[in-house]
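The values are calculated or read from the model by the stated rules, or taken from the named source; none is laboratory data. Here the structure is a predicted model, which is why all the values come from computation and not from measurement. Heads up, the Cβs are rebuilt from the backbone with ideal geometry, glycines too, and the neighbour counts pull from every protein chain shown. Ligands, DNA and RNA are excluded from the accessible area calculation, which covers all protein heavy atoms including side chains. Shrake-Rupley method; radii C 1.70, N 1.55, O 1.52, S 1.80 Å.
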Amino acid sequence: MSNNFKRIIGAALIFPIFASALSGCTTVAGGASYASQTATDKAIGQCVASVVISAGIGALVGAAIDGGNGAGRGAIIGGVAGVGACAVLIQVAAAEDRARVRNAERDAIAQNASGTTRFSNKSGKDVAVTTSVSNAPIPAPRKTTTSSATAAKVAVETKPQFTACRYAQQTVSVEGQSAGGGRQLWCRLDTGDWKPIAS
């Protein structure tokens, strides 16, 4: 097996590991886990990763076929293929643009009002982020077991930690082209703060 072919196989094996890392960590709190990223934020991150990985695999394939001269061509072809699937979301991948998208979602959830937020992205393009809000059931409390020296194990229900829950569904539009970011569950703590919940 040639070294070039081994590199291609290695890249293919690394992809699932890299993609799974994008899901982000969650913090367990009582009966549910908080999401470190919203569904839209996660979709943007996955699009960025797909472009980077597509470009990298394209470069490896190009180099394997045509030596060093093919690496650059392969990276461009691979990168373009990745962008084709996520062209809209990639355009709000800058940190400040992603923060605006997240804030639009959080504000819509807190106000219980669907709406559209408009801004110019880092590249100066017109962006419209539409957030649709709908009511959601409060997740059932998780049951845990406890035991003592004198009592058998018993199931104990944790107290409900949320006072209300809502779904947010976002659509990002950049100069007439749109992409959906997925549905995100948000729940309100008894402190009044809203938190995204891991699915």
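Summary of computed values
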{"quantity": "Every residue from the stretch 108-134 that is part of a strand (DSSP E or B) and farther than 23 Å from ARG188 by Cα", "calculated": "ARG118, PHE119, SER120, ASP126, VAL127, ALA128"}
{"quantity": "Any hit, the stretch 61-83, residues being open to solvent by 40 Å² or more (accessible area, probe 1.4 Å), farther than 18 Å from LEU185 by Cβ, at pLDDT 90 or above and outside any strand (DSSP E or B)", "calculated": "no"}
{"quantity": "Among (1) among the hydroxyl-bearing types (Ser, Thr, Tyr); (2) at pLDDT below 95; (3) more than 16 Å from GLN37 (Cα to Cα), the one test that SER134 misses", "calculated": "(2)"}
{"quantity": "Filter pass, ALA140 being modelled with pLDDT under 95 and either not in a helix (DSSP H, G or I) or not acidic (Asp, Glu) (or both)", "calculated": "yes"}
{"quantity": "Qualifying positions in the stretch 85-97 - more than 15 Å from SER178 (Cβ to Cβ) and out of contact with any helix residue (DSSP H, G or I) (no Cβ under 6 Å at 6 or more places or on another chain)", "calculated": "ALA94, ALA95, GLU96, ASP97"}
